[in-house]
Every structure is written in structure tokens, then in C-alpha cells.
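Working notes, structure below.
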Amino acid sequence: MAHHAHAAAHGDGHHGHAEQNWFLKYFWSTDHKIIAFQYMFTGMAMALIGAFMSYVFRMQLAYPGMSVPFFGHVSPDVYNALITNHGSIMIFWVAMPVLIAGFGNYLIPLMCGVDDMVFPRLNRLSYQLFLISTIVLIASLFAPGGGFGGAWTAYPPLSSTAKYSLTPMGSTLWVLAVALEFVAFLLGGINFIVTAMNARAPGMKAFDVPLVVWMIVVASLLFMASVGPLIAGAVMLLFDQNLGTAFYDPKRGGDPILWQHLFWFFGHPEVYVVLLPAMGIVAEVMTVFARKKLFAYKTVLYTVIATGVLSFFVWAHHQFVAGIDPRMANVFTVTTVLISIPIAEMCFLYIATLYGGSIRFTVPMLWALAFMAEFLIGGVTGIYLGASGYDIHAHDTYFVVAHFHYTFYPIAIIGTVAGITYWFPKMFGRMMDERLGKIHFWGSIIPFNFIFIPMFFLGMNGEHRRIYDFTNFPDLAVPWMQNLRIVSTVSLVVMLLFQFVFLFNFVWSMFRGKKADKNPWNANTLEWTADSPPPHGNWPADQMPEVFRGPYEYATPGRDKDYWPQNERA
Amino acid sequence: MSTKTIATQRASMNMPTGRLAVWWVLMSEVVIFGGVLVSYLLHRLSHAEWAAQAAHTNTWAGAFNTLVLLTSSLCAVLAHAAASKGNGPKAARLLWLTILGGFIFLVVKTFEWSHEIHLGFTLQSGGFWSYYYTAAGLHAFHVIAGMCIMAWVAASAAKNQDLHRVENIGIYWHFVDLVWIFLFPLLYIAK
Amino acid sequence: MILNLPSASTFAGDVDSLFMLVTWLVGVWFFATQAMFFWLLWRFRHRPGVPSQYVTGKEPHLKRWINIPHALVLVCDVVIIVAAIRVWSQVKQTLPPPDDTIRVVGQQWAWTFQHSGPDKAIDTADDVWTSDTLFVAEGRTYHFLLESKDVLHSFFVPVFRLKQDAIPGRRITGWFKATKTGTYDILCAEICGIGHGIMGGRIVIRTPEEHDSWVNQHGGAVEPEAAVTDTTATASAGATN
Ligand code: HEA
Ligand code: HEA
Ligand code: CUA
Ligand SMILES: [Cu+2]
């Protein structure tokens, strides 16, 4: 990353950093951009691991008992460990670090026109804790007895009792890793919130803040307000596993359902924690490439807040048939279905933003648009599940699996790639290759639908989750169902092959891509007024930007340019 | 890394950054303790027999500790008052008194717990004791963390540096105190 | 309608109708939204010399296009909620009086079923115990008592559209009434350890005559499994129906 050295040369006197050695610069740095990259690259590496896991277990599902190339035979315990850690990795070690910590760290100071986070050292500590949690998680896969296989939801007594799970150490390390990860994000979240609240550029009022910053802040708030009980729950689970407490043990006065409440009280807000940053990225990309003001900025913001508030009152829709009081389900089906109101509004407003635009189908735009189209499928299928009467049948079937991959994949992969391709010129000072980008786009989106559409039909027919071999169940072993499983697996392999195009494009463009100037997309937000890539401190200390208007002033009447940067004096 | 960033010097919300951060930390702490306490309460309500277990706790020790913590909170308030008058050394002395309060609290706890463990009530003795030790332990952990940070703040306050931190650690200490005010009746008095 | 999955209980049809209702209500909006989306993409694609317009989102003639659909979505939501709760309360909340009772016990990794014997009462000497295969009669209302000996399991009969988690330390009561003879899968739909992937069973639905003659043949003959009786079957408040 030679260009960083070059960037540092631009560095301002204010910080007075001379050349530092490699370790200090890339590992011990407190620069928000470096920490963002640390999160992002760790997340991407974990994405590859999570994707490899999905390849292994999908091969096993399509061709039960085969020896999977590059892996080997998949036994039931290995299958369980694979899906458990696939889910945990994709949510906690991919979506969270990349979308919140990665983009949050990179964008919040730049978009708010400030030189760094308000607590740079806390920020570094946050990443270091995260890294430790990553190492603990990976170690758990190799623990004696095998990795934890009790699903990412880790319901006790299975997760709390070694006698039942048969993975004494794997379970403990898994809980420990998750708990550490939570603490890391708590520290990060405080930084994000306080920076965006308190360190904005002069003149930047609350409604001048770009939506992606707002959404990352609201997401951090949701996270911080919902994760506490689960941190406590995780400590209790650790104690149950290792110290013999009885929190979840029904035989000694505990209650296994308690964990489910603690988990989902966090778990449901969590899905919006990752949704919101992705929606924010999409807002930035869509406005720039449609050359349009966002349709009703404030209303979008209100829907975000409404979604956040409502998300605390829907958690038990994961537990309709878990043995809770059946009358409670009625309350939660109401709140759950009603959450479609703010989210539908949000989607409608995004789509309305296209009206009157001049839409350029660049690579980031393609990804952002694909997000909208695909997320709608995930969203509306959530309504089937929220309808308690149907969830009796659909719960823990592949219908659920298909539902949440149609939300998570758009968020964690589509939204992320939209963001990466959009900010790449800023991050690395070079443009990505458009043609490779389009090949990667179509090579991912088309197979994606072929992977997950079949799962809806499998789920409707009763195919249940977390099963390593469906030939054990006569009604599920029928040929047409097996064929759908094969379609899904083959599509996955095709999609994974196309990811090499992305990786190549990414690395190649970083060093060889066309040089990017400060503002290659003619965008308004502040990060595009800094050098590409921005030096340590982002702007020279005497040229910190000042803000005069909102972030989406495209095609403002009476101007010859079709954009109007936030920092340009009237 | 001694240079200050511009970020630290701004205050778009007209509130010092440190204080704002402390409030957010407390929000996340409130939900952590909230999770434990609500879980405990719900179980307590559906397990009448836990009252018999709770009868073995030492209410007097708990009451004494409550008093100790409240007094230490008062010292923290006085420290803040001294700091806002610019009297760093006085603030530092009061912070050390606060730390002393925390220390006494922990000593009393140690005696209590060793007595209870001696009687055979351990973490493993079922639902009530699991909550008793975990909730109070989590709280004690916060007391210890608060004492360490406070010692650090006091050291610099004695040199008249970073006096704004005196207030921030004070806010945190009041919170720790407040948690105990919830724990005490729930774990000791309700019998 | 749901593809190749037979419906074999009184409420299976209602669950399927709910599915169809949701499909219609969200499907219309889904396709309308997608159609609008792609139309706008095409209509406002970049053309040289055609600049974009300045639209703030406050224009009443444009806001209408958001607000009216939004209100209609709310109406759809209400319809979905009402329908969902009706099906839910029928399956889970209101138990019709039973003709017969069975006990279903999950454990790592098998199902054990306790059928009433010729005396039509459960927990008597002539009960019939089986593992992995449940025998029921068509057209009779059953109450099932669901228990678990170790971890969570979930009693899932796809052809009934019925699912209920089993929780150690609790006994959960539910009901069904089979409407079709045949042999179908029983699945365990909650991960329960290494053997979760093999924890299946079969349900054999026969005419009442066939079923009764099977019961009379086996009544009291099969040894009760000692282990089943030690389940602490205390239902905590609200957990049972
Ligand atoms: C980021 C991820 C994400 C998102 C955004 C969502 C969004 C939603 N989810 Fe999803 N969900 C998951 C991730 C996500 N979910 C995961 C991971 C699980 C499984 C966990 C596990 O068990 O492992 C799950 C499981 C899950 C369940 C439990 C299923 C079960 O296990 O039995 C339910 C039940 O209600 C549900 C509902 C919803 C609803 C109502 C929404 C809503 O927010 C969707 C709202 C959006 C729309 C509705 C679309 C836009 C609106 C329109 C186009 C207008 C037309 C609409 C109407 C007329 C209603 N989800
Ligand atoms: C963010 C969340 C996320 C993502 C992205 C995915 C991605 C995928 N998932 Fe995953 N999945 C879960 C979350 C996720 N999953 C969860 C929570 C569970 C439940 C676990 C449980 O039951 O406990 C689950 C379970 C699950 C199952 C059910 C297993 C079972 O119940 O037995 C299946 C089955 O096919 C599956 C398949 C896949 C496939 C084929 C992909 C593919 O889409 C993967 C393709 C991957 C890529 C395309 C990434 C490639 C990487 C790069 C391109 C590098 C660049 C990186 C960035 C830009 C970040 N998943
Ligand atoms: Cu029993 Cu899964
Ligand atoms: Cu949810």
C-alpha cells in the first residue's frame, strides 16, 4: 500500500507524525481510516471463511456423504459446527465489522468533516478486542471435541451442557468469542455516536448529516441498547457451562426459555443494526448516480427511528412455537407485521428518489439498485413468518433460511460491495475496473437468486433446518426436492467462482487502477473534498471544511453544475 | 500520541465530549444490569421457595455496604465541586476517600461471601445463589473497575490536570451506587 | 396448494389459506413496487442533454404516490394480522375436547410415543408405547402432551402444519385431528445435538377401526420404558394451553 506513504507526505503539521514503522502505522495506528481498513480486511477474510463453510455444507446437502473437494467427509458434528459458525461469522464477523465498524470508522469523521474519532485510542482498543475475538472464534473450531454446533442461536440446555453438546471447549470458546465481540462493538459504538453528535464540522446541523452517518449512528444506538441483556446472558451461559450455575437448567430452578428472550431481544434489533448501514450506503450511492436529491430526507430519517423503536417489541416472533404463552404470540404478530409500515415507507421513498433522475448505471449503482430489488423479497417473506398462524408451519424450515438470506445477502454482500466500489477511489486513490465490476455483478446476482429461491419451496414442503442429510427423512428425500438442493449448490459454486473476479479487481485496482482525483463521482458530501486517499488528519488543520447545506443538493435550480458540495460557499 | 485531535475539541452538542460519552456508557450498562435484574425478578416471582434461600443473606452487612457506598458517592460529589473550583489537590483527596469507600465495600463483601460459602451456599447451589453471586459479582467488578479509573483520575487531578474527568468518573460512580440500591432490596431484603 | 405437501389435519387447510392470503396481499405490493422501480429506472435513465430534476419530496402530487400506497399497505397489514391470529388461536389457543390423548417425549435423538390402550385413558397399565412411530386414528381429536428429557426438541408434523417445541421440565399440551390416512414424516425441528439430523419419526394415520384393532392387539403388551416416567412434568404457568 505504497500510496499511504505518499499520503502521509501530505500530512499536516498539526499532527506532526513523521514516517512510522510498518507496525506502528498499520497495526498500532489510531487513525480512523487505518482502523476502518483493519475491520474491513478482517471482515472480508472472515467472509471468505464463511463462504467456504457454506460451500462445504451445501455440497454435503446436494451430494450427501460425498467427500467434499478441498475439505473431505462431513460428519454430523462437523456439519453442525459448520452451519453454526457460518451463521455466527457472517453476522458477527462480517456484517457487523464491515458495515458498522468498517464503514462507520471510515465515513463518520470524513463525512462530518473532522480529523479523527473523538476517542482514537478507544477505537484502536475496540479493533484489538475484535481481533482477539476473531482468534478465539477460529480457535474454537479446532478445540478438542470440535467446534460448537448448537446453532448461532445457542439455545440451552444444548449449549450450556457439555453432556448434551459433546463440545465442552468449543461451546465455551464460542460464547467467549461472541461476548468479546460485543464488548468491542460497544466501545466502537460509543465512539461513533459521540463523534457524530459532537464533532461535526462547523455549520453542519443534524439534518445536514448524510444519511449513512445517521443510519450507522442509529444502528450503534440500537446495538448498545439491545446487547446488554445478552452480554449478561452470555456471562450466565459461560457460568452455566463452566461454574455449575443453574440459570438455564430447568432441573435446578433455571429456565432455558430465558436465554431465548435475552437472545432475541438483542437478535431482532440486531438485524436492523446491519440493515440500516446498508440502507445508508444505498442512499448515498443512489442519490449520486441518479443525480437526485433524496426524496423526503426527514421522512426517511423518521422511518429509521420508527423502525429502531419498533424493533424492540417484536423479538418473540422467533419464539412463536417455543413454548411461550400462546396469547403472547398475538401481541408479537401485531408488532411484527406493523414493522412493515416504516420499512415499506423507507423503500417507497428510496424508489421515489429515482423519479426525475438521470440514472447512470455504474457498478456501485448496479449494486445499490440490486439491493432494493432483492431486499424486497426478503422483506415481504418476513411477513409470512410474522403471521403467527403460518409460522407454526414455517418456523425452523428453509423458508426461514431463504427469508433471512434474502435480507442478509443484500445487506452484507450487495450493500457492502456497493459501498466498497463507491468509496474505493477515496480509500485507495484509484478507480476500480468497470468491466470486471459488471462481470462480477451479474455473476453474483443471478446465481444468488438460484441459490435461495429453491429454499422457499423446500421450506414450504417441510424441509427443516440444520439437517446434514435429508435422505434420512422419506418425505424429504424425494427426487424433486433433492434436485432443488443440487440447483442451489451448483449456483453457489458458480457464484463463488465469480468472487475471484472481484478479488482480482480489488487488488489489481488498488495498485494499477486509473488514478482517481478528489471527487470522481461529482458527489456533494465532505469526504470528496479531501485528497484521495485522505492523509492522516484528513484535511490540513487550517482547511477543515465548513458546511453550508444538506448532502443531497443535486440539480439545484439556477446552477450550471448539477451538484453542490456541502462545503461550497453560496 | 499526545497530540490532541480536532475531534476532541469540538462540541456540536454544547456538551463536553467526555461527559456525553459517559452517559452513553451508562446507557449500555443500564441494559446489562437491567437484563440480569429483570431475569432475576421474573424467576423470583415464579419461585416462591427462593425466599427461603434469600433468608440466609446478611441484611445488616448489605445495609452497611449501602451506607458505605452512599457516603463514597457524597465524596465524589464533593470532589466534583472542588474540581469545578479548580482545586485539583482537594478533588484528588476526596477521590481517594471515595476509593476508600469502595475498598471497605469490597472487604465487607469478602467476609459475607466467605461466610456464605462456608455455610455451603455456592454458585452451584441452585437458582437463587446463581443470581446472587453473579449479580453482586458483576456489580463488584464494576466497583473495582471504577476504583482503578478513579485512582488514575485522582493522580492527574492532584497535578491539576484533566479536571473535567473528576466529574465523569463521579457520574460513573453514582451509577455503580445506584445499581447497588437496586440490588440490595432485591437480593437481601425481599425474603 | 403448497406444492406436493398433503394436508392431513383439520387446520392444515387454514394454515394454507393464510399462506395464500399473505401471498396475495404482499404479492400485489411486491410486484407493484418492483414494476414501479424498474419503470423508473428505464424512464429516467441517463440521456445526454436531459438533466435530472430538483425534487425535494414535499410536492403534494408526488407525495400522493407514497402516502396512498402506504395507507393501503396498512390496511393489508390489518387483514393479515386478523387472519393470522384467527389461525393461530385455532391451532394453539383453543383446544377442543379430546377423544384420545397421547404423550410425545423427545430425547437425544428419538421420539417416544405413549398411546392410550383399549381403555382410552393415558397413564394406565394398558398403554401402548412405541418409539419413532406414532399411531393415530383419522377423525379423532387428540390432545398431545409434549415433553423432553434433555434438550429442546420440536415436534413437527408437516402434513398437519403443526409444530411445537418440547422443553425439558415442562409439559406442553396441544391438539390435532387427522383427516387423511397414510404414513408421513415426523421431524424434530429444533437443533438438539449431533443426532438432530437423524431424529425423525413416522406418523401412521389409519381409520378408527384399523387403529382400534391395533390398539387392542398391543394394549399393555409393550413394556413401558422406565425412563419416560421420570420426566418432571410440572407445567409452569402459562406454558401450557
Ligand atoms: C437483516 C436481516 C433481517 C431483516 C431486515 C428481517 C426483516 C424481517 N423479518 Fe426476519 N429474520 C432474520 C433476518 C432479518 N429479518 C433472521 C436472521 C432470521 C432467522 C434467525 C434464525 O432463526 O436463525 C429471521 C427470522 C424471522 C422470523 C422468525 C421465523 C422463525 O424462525 O419462525 C420472523 C417472524 O416474524 C421474521 C420476520 C421479519 C419481518 C416481519 C421483517 C420486516 O422487517 C420486513 C419488512 C419489509 C417489508 C415488508 C418489505 C417492504 C414492504 C413492501 C414492499 C410493502 C408491502 C408489504 C405489505 C403489504 C406487508 N424474521
Ligand atoms: C450475513 C449473513 C449471511 C450470509 C451472507 C450468508 C451467506 C450464505 N449462506 Fe448462510 N446463514 C446465515 C447467515 C448468512 N449466510 C445464518 C445466520 C445462518 C443460520 C445458522 C444456524 O442455523 O445456526 C445461515 C445458514 C445457512 C444455511 C442453512 C444451513 C442449515 O440450516 O442446515 C444455508 C444452506 O444452504 C446457508 C447458505 C448460505 C450460502 C450459500 C451463502 C452464500 O451467499 C455465501 C456466498 C458468500 C459470498 C458471496 C462472500 C464472498 C466473499 C467475498 C466476495 C469477499 C468480499 C467480502 C465482502 C465484500 C464483505 N446458510
Ligand atoms: Cu431433536 Cu432436533
Ligand atoms: Cu426477528
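Restricting region A:245-290 to residues that are surrounded by 24 or more Cβ atoms within 10 Å (Cβ to Cβ) and not in a helix (DSSP H, G or I) leaves a set whose member that is nearest to ligand 3 (Cβ to nearest atom) is A:TYR248. Among residues of region A:144-182 being β-branched (Val, Ile, Thr) and more than 10 Å from chain C (Cβ to nearest Cβ), the one that is most open to solvent (accessible area, probe 1.4 Å) is A:THR172. Restricting attention to region A:522-570, the residues being surrounded by fewer than 18 Cβ atoms within 10 Å (Cβ to Cβ), closer than 20 Å to A:TYR106 by Cα and modelled with pLDDT of 90 or more number 4. For the subset of region A:517-570 comprising residues that are among the β-branched types (Val, Ile, Thr) and assigned to a loop (DSSP other than H, G, I, E, B), which member is farthest from the other protein chains (Cβ to nearest Cβ)? In this case the residue turns out to be A:THR525.
In region B:137-191, which residues are among the basic types (Lys, Arg) and surrounded by fewer than 17 Cβ atoms within 10 Å (Cβ to Cβ)? Passing the criteria: B:LYS159, B:LYS191. Of the residues screened, A:MET431 is one that is among the aliphatic types (A, V, I, L, M), open to solvent by less than 40 Å² (accessible area, probe 1.4 Å), more than 26 Å from A:ILE91 (Cβ to Cβ) and touching a residue at least 24 places away in the same chain (Cβ under 8 Å).
Only residues that are within 18 Å of A:LEU275 (Cα to Cα) and either of a type outside the set (Asp, Glu) or within 16 Å of ligand 2 (Cβ to nearest atom) (or both) were counted in region A:319-364, giving 16. Considering each residue of region C:181-198 in turn, at least one proves to be among the β-branched types (Val, Ile, Thr) and within 16 Å of ligand 1 (Cβ to nearest atom). Go through region A:335-359 and give me each residue that's away from ligand 4 (no atom under 14 Å from the Cβ) and assigned to a helix (DSSP H, G or I). Result: A:ILE341, A:PRO342, A:ALA344, A:GLU345, A:MET346, A:CYS347, A:PHE348, A:LEU349, A:TYR350, A:ILE351, A:ALA352, A:THR353. With respect to (1) within 7 Å of chain A (Cβ to nearest Cβ); (2) surrounded by 16 or more Cβ atoms within 10 Å (Cβ to Cβ); (3) within 21 Å of A:PHE456 (Cβ to Cβ), the lone exception for C:SER52 is condition (3). Checked against (1) within 16 Å of ligand 4 (Cβ to nearest atom); (2) surrounded by fewer than 22 Cβ atoms within 10 Å (Cβ to Cβ); (3) over 29 Å from A:GLY150 (Cα atoms), A:GLN319 passes all but condition (3). With respect to the conditions (1) more than 9 Å from chain A (Cβ to nearest Cβ); (2) not in a loop (DSSP other than H, G, I, E, B), C:ALA83 falls short on a single one, namely (1).
Mind listing whichever residues of region C:142-153 are part of a strand (DSSP E or B) and either open to solvent by less than 10 Å² (accessible area, probe 1.4 Å) or touching a helix residue (DSSP H, G or I) at 6+ places or on another chain (Cβ under 8 Å) (or both)? Answer for region C:142-153, where residues must be part of a strand (DSSP E or B) and either open to solvent by less than 10 Å² (accessible area, probe 1.4 Å) or touching a helix residue (DSSP H, G or I) at 6+ places or on another chain (Cβ under 8 Å) (or both): C:TYR142, C:PHE144, C:LEU146, C:GLU147, C:SER148, C:HIS153. Before we move on, is A:PHE408 touching a residue at least 24 places away in the same chain (Cβ under 8 Å), within 16 Å of ligand 4 (Cβ to nearest atom), within 23 Å of A:VAL490 (Cβ to Cβ) and surrounded by fewer than 24 Cβ atoms within 10 Å (Cβ to Cβ)? Taking the combined requirement at face value, the residue satisfies it. Give region A:323-335 a look and list any residue that's of a type in the set (Ser, Thr, Tyr) and open to solvent by 10 Å² or more (accessible area, probe 1.4 Å), or say none. A:THR335 - this is the single residue of region A:323-335 that is of a type in the set (Ser, Thr, Tyr) and open to solvent by 10 Å² or more (accessible area, probe 1.4 Å).
Among the helices (runs of 4 or more DSSP H) contained in region A:1-89, which hold 2 or more residues that are at pLDDT 95 or above and more than 14 Å from every other protein chain (Cβ to nearest Cβ)?
Values: elements: A:2-10, A:22-26, A:32-62, A:76-88.
Correct list: A:32-62.
For region C:190-206, filtered to residues that are among the charged types (D, E, K, R) and open to solvent by 10 Å² or more (accessible area, probe 1.4 Å), the residue that is farthest from ligand 2 (Cβ to nearest atom) is C:ARG206. The number of residues in region A:224-244 being open to solvent by less than 10 Å² (accessible area, probe 1.4 Å) and more than 9 Å from chain B (Cβ to nearest Cβ) comes to 2. Listed by first and then second residue, the pairs linking a residue in region A:293-322 that is aliphatic (A, V, I, L, M) and within 16 Å of ligand 3 (Cβ to nearest atom) to a residue that is in a loop (DSSP other than H, G, I, E, B) and open to solvent by 10 Å² or more (accessible area, probe 1.4 Å), with Cβ atoms under 8 Å apart and 6 or more places separating them unless they lie on different chains, are A:VAL321/A:HIS395. In region C:156-170, the residues that are more than 15 Å from A:ASP396 (Cα to Cα) and more than 7 Å from chain A (Cβ to nearest Cβ) form Cβ pairs under 7 Å with partners that are part of a strand (DSSP E or B) and not acidic (Asp, Glu), at six or more places apart or across chains, as follows: C:VAL159/C:TYR184; C:PHE160/C:SER9; C:PHE160/C:PHE176. Summed over region B:126-145, the residues that are without any contact (Cβ under 8 Å) to a residue 12 or more places away in the chain and not in a helix (DSSP H, G or I) give a count of 0.
Is it the case that some residue within region A:45-59 is among the small types (Gly, Ala, Ser) and open to solvent by 30 Å² or more (accessible area, probe 1.4 Å)?
The answer is yes; a qualifying residue exists.
The values are calculated or read from the model by the stated rules, or taken from the named source; none is laboratory data. Every value quoted in this text rests on a predicted model; they were computed, and no experiment measured them. All Cβ positions, glycine included, derive from the backbone under ideal geometry; neighbour counts span all protein chains shown. Just so you know, the surface numbers come from the protein's heavy atoms only, side chains and all, with ligands and any DNA or RNA stripped out. Shrake-Rupley method; radii C 1.70, N 1.55, O 1.52, S 1.80 Å.
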